[in-house]
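Here the structure comes first, spelled out in structure tokens, and everything after it is commentary.
The values are calculated or read from the model by the stated rules, or taken from the named source; none is laboratory data. Note that the structure is predicted; figures quoted are calculated from it, not measured. Note: ideal-geometry Cβ built from the backbone for every residue, glycine included; neighbour counts use all protein chains shown.
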Amino acid sequence: MRSRSTGFTLIEIALVVAIVGLLLGIAMPSILRARAASQSKTCIQNLWQIEQAKEEYVMDAHLHSGSPVTADDIVPTYLTSLPACPAGGAYKINAADSVPTCSLGGAHSLSGTGAGSDWSESVSDGSHRRRQSEHWEFDRR
Ligand SMILES: [Zn+2]
């Protein structure tokens, strides 16, 4: 009894390659989307960290709104080190009354519409949070 074939035929191999390619084609966009979403989420968390350190520094230094704040002002006193954007964007600390930004913008911003973060809206102008911290100070007294 001889086996019908000793290996895969060209058509079988082509079929497998086509199926693998098709599956990759289906999965790739969602893989890339998930990766971009997690990158922008991390980026927003970084910006949030910078913003918190910045607010502490601005309060401690009694800076007026619009006063320039640099990375040297908040690192390492208020932030151990300046985090890096996972997608390669560069962070701008910005002035005392504006939130830090990522050079990639879009979903990489605290005020951006992307990433579906629930706190991005309340941070967008900073006033909401400042009002909250005033409440906390009031409660402590
Ligand atoms: Zn970023």
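A few remarks follow.
- For beta carbons closer than 7 Å, sequence separation of 6+ or different chains, a first residue in region 33-61 that is over 14 Å from GLY89 (Cα atoms) and a second that is within 11 Å of the ligand (Cβ to nearest atom) and part of a helix (DSSP H, G or I), the qualifying pairs are ALA37/ALA115.
- Whichever residue in region 84-98 is more than 10 Å from the ligand (Cβ to nearest atom) and of a type outside the set (A, V, I, L, M) and, among such residues, is farthest from SER38 (Cα to Cα): ASP97
- Condition met for VAL69 (away from the ligand (no atom under 13 Å from the Cβ) and modelled with pLDDT of 95 or more): yes
- Residue pairs meeting the criteria (Cβ under 6 Å; at least 6 apart or on separate chains; first on the phi > 0 side of the Ramachandran plot, in region 87-109; second more than 8 Å from the ligand (Cβ to nearest atom)): ASN94/PRO100; GLY106/GLY112; GLY106/GLY114
- Checking THR42 against (1) within 10 Å of the ligand (Cβ to nearest atom); (2) not in a helix (DSSP H, G or I), the condition it does not meet: (2)
A quick yes/no check of all residues on (1) at pLDDT 95 or above; (2) away from the ligand (no atom under 16 Å from the Cβ); (3) within 15 Å of ILE50 (Cα to Cα):
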| residue | (1), (2), (3) |
| --- | --- |
| ALA61 | yes, yes, no |
| SER65 | no, yes, no |
| TYR78 | yes, yes, yes |
| PRO100 | yes, no, yes |
